[in-house]
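Take a look at the structure set out below.
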Number of protein chains: 2
Amino acid sequence: MLELAILGLLHESPMHGYELRKRLLSLLGAIRAAFSYGSLYPTLKRMRQRGLIAEEAPGTPGAEKPLLTGRRARKVYRLTPEGKEHFAQLMSEAGPETADEALFGVHFAFFSRTDPATRLRILEARRRRVEERRERIREALARTAERLDSYGFELQRYGLETAEREVRWLNELIASEQGRNPGQNDFGDRLADPGRPTRSATEDEDSSEPDKGGMRDG
Amino acid sequence: MLELAILGLLHESPMHGYELRKRLLSLLGAIRAAFSYGSLYPTLKRMRQRGLIAEEAPGTPGAEKPLLTGRRARKVYRLTPEGKEHFAQLMSEAGPETADEALFGVHFAFFSRTDPATRLRILEARRRRVEERRERIREALARTAERLDSYGFELQRYGLETAEREVRWLNELIASEQGRNPGQNDFGDRLADPGRPTRSATEDEDSSEPDKGGMRDG
DNA sequence: CCGCAGATGTATCGGTCCGATACATCGAAT
DNA sequence: ATTCGATGTATCGGACCGATACATCTGCGG
């Protein structure tokens, strides 16, 4: 999960842990809690040992005090070919695991790097999951409504409404996906460009992204 | 967290693990994933060792094959006085920890066992937390909107809307709490409406009526 | 000039929780 | 008969989190 997110982010450019965490926060913070350093650093270590990422070598190994603007030692990680392949493989999975709230969110955040068929299957798997949850709440409500105090009732009601809202959202997304030309990917052009010399994303101002509003039809 | 939920449920009646899990699912399943047995049984063991719960003694220690309807050995747990006290102490805490999504949900589910002042503080702590989250999303959106592809944008938009919706919900709950007589608790026991059993918004919405005078008051 | 708060940066530790798995009994359907 | 699903207890490895530690750089007020 965290692994997938790291691989996805390192697709943009090499980064060190602290920066990864900030990007993670701004990318996923809207839907889930940010990963903590207590998971991030051990995961980076593990991924490095597995060869999915590699430490960027500093210029001169002797007396490597000044990194960038005179900062202290930082470990900058970059994606290896194995990591790239592993990411593609993880992203192409569309089983029931991808319906989990957290994993779905990460997948969705990198949807532009997935083919349309996989996107659709993931969205439908998630919808199935939320629909089941919705039905379970309805049953529980019907079964135990008279036993609930007003707070318990309010919790059920709000949870049911939340599930219904997410199903509507997924329906719109699925409709939007199906509205596209099923053979084409009108988002893929920006990611199918392997030769882009990605600068560091710290103060980057590259706004060559005219496409928008594919699903903002309603 | 799980501990708090177990203590709360055992307030109703003694239960064994399997039953606890089912009750947990129907009580909290509307807002969070159910606890798994992988957490439940170790937690029960730990709580028993700490004296918060105790195993219900079977009728006759000799030849105790038939429990209830001839089933196999089950461990029925009941609340000890220490457990009752610990529950009250946990429920009276209203610090920032209680603003966490999961812990807030459990607290809320047992709100009828908390005094109104604590309820109010917990609701306000949660609202503060969600407002901060909402502001972080807004900033991230303003800062990185032009860098986002349509999926990233949609994720931010949906997350922002989710946060705004929860703040509205909390505002209603807080207003409802403040509308009560601050010294009394008119929800103490049961107050289920015997009339219509909770029709939820299946297909209708957009009523946009701001009346909604709090939670089902009589 | 000093100090000190706050951002940057890496890392570990203990603990909670989850998913998978194992094992066993029972009632009902096939 | 036997397979299937619900009931029931339990453990294990792994993922993640919160707290903590430690160190450097920057800017701010005194």
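Values in this text are rule-based calculations from the coordinates and carry no lab data. Just so it is clear, the structure is predicted and the values come from calculations on it, not from any experiment. Quick reminder, even Gly has a Cβ in these numbers, built from the backbone with ideal geometry, and neighbours come from all protein chains shown.
Details
- Highest average packing first - A:108-115, A:83-90, B:137-144, B:105-112, Cβ atoms within 10 Å: B:105-112, A:108-115, A:83-90, B:137-144
- A:MET15 long-range amide H proximity, modeled H, under 5 Å: A:TYR77
- Inter-chain neighbour count for A:155-165: the average number of beta-carbon atoms from partner chains within 10 Å of each residue's beta-carbon is 6.
- The mean number of Cβ atoms from other chains found within 10 Å of a Cβ in peptide B:30-39 is 3, as a whole number.
- Reported to the nearest whole Å, the Cα centre-to-centre distance from segment B:104-176 to segment A:1-17 is 27.
- Exercise: per-residue mean of other protein chain Cβ atoms within 10 Å, A:107-115: 3
- Inter-copy spacing of B:ARG50 label points, which lie 7 Å from Cα along Cα→Cβ, given in nm from shortest upward: 3.4
- Label points for B:ARG138 are taken 7 Å from Cα along Cα→Cβ. From this copy to the others they lie 3.6 nm apart, shortest first.
- Highest average packing first - A:91-102, B:160-171, Cβ atoms within 10 Å: B:160-171, A:91-102
- Sites B:LYS45 and B:ASP100, calculated FRET efficiency, Cβ-Cβ separation with R0 25 Å, nearest 0.05: 0.50
- Ascending distances from the A:HIS11 label point to its copies in the other chains, with the point 7 Å along the Cα-to-beta-carbon line: 4.8 nm.
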